[in-house]
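A short write-up of the structure that comes next.
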Amino acid sequence: MNKSLRNADLHMAQEKSELLILHALATKGRNGEATHLQLSSLGFVAYPGYQFKAPQGAALAVARLARSMQDRGLIGRAFGGRNGYGRRGYYLRPEGARALEANASSIASNN
């Protein structure tokens, strides 16, 4: 059996992946509402250029990173409203918005 490793030669720094996630969650949706992304969507955002066989692979790849960001208060997780309906997924918390803004200002000051 010939096994090939899909993303063996790719590497993404954790800080860069976190910034990509924060930037995606900072983007406003239709009608100016906050963006909520599922775990698999975070995986595709955090690791651009990677190829996942299924969305579950993307979710598995980013699960530890998302949990770490959640523990630090950068992102939160919404489980939906009553009976599970409503906005579900990960969203940007105020601490995450401040971290994204601080990173943008440090990049601007270095240029």
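Numbers for the structure displayed
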quantity	calculated
Estimated vicinal HN-Hα couplings, Hz - the range 100-106 in sequence order (Karplus 6.51, -1.76, 1.60; Gly, Pro = x)	5, 5, 5, 5, 5, 6, 6
Exposure proxy ranking, count of Cβ atoms within 10 Å, fewest first, for Phe52, Phe79, Phe44	Phe79, Phe52, Phe44
Burial ordering of Glu18, Glu95, fewest other beta-carbon atoms within 10 Å first	Glu95, Glu18
Ile75 long-range amide H proximity, modeled H, under 5 Å	Gln70, Arg93
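Laboratory data are not the source of any read-out in this text; all were calculated from the coordinates shown. This is a predicted model, so every value here is computed, not measured. For neighbour counting, all protein chains shown are included, and Cβ atoms are generated from backbone atoms with ideal geometry for every residue, glycine included.
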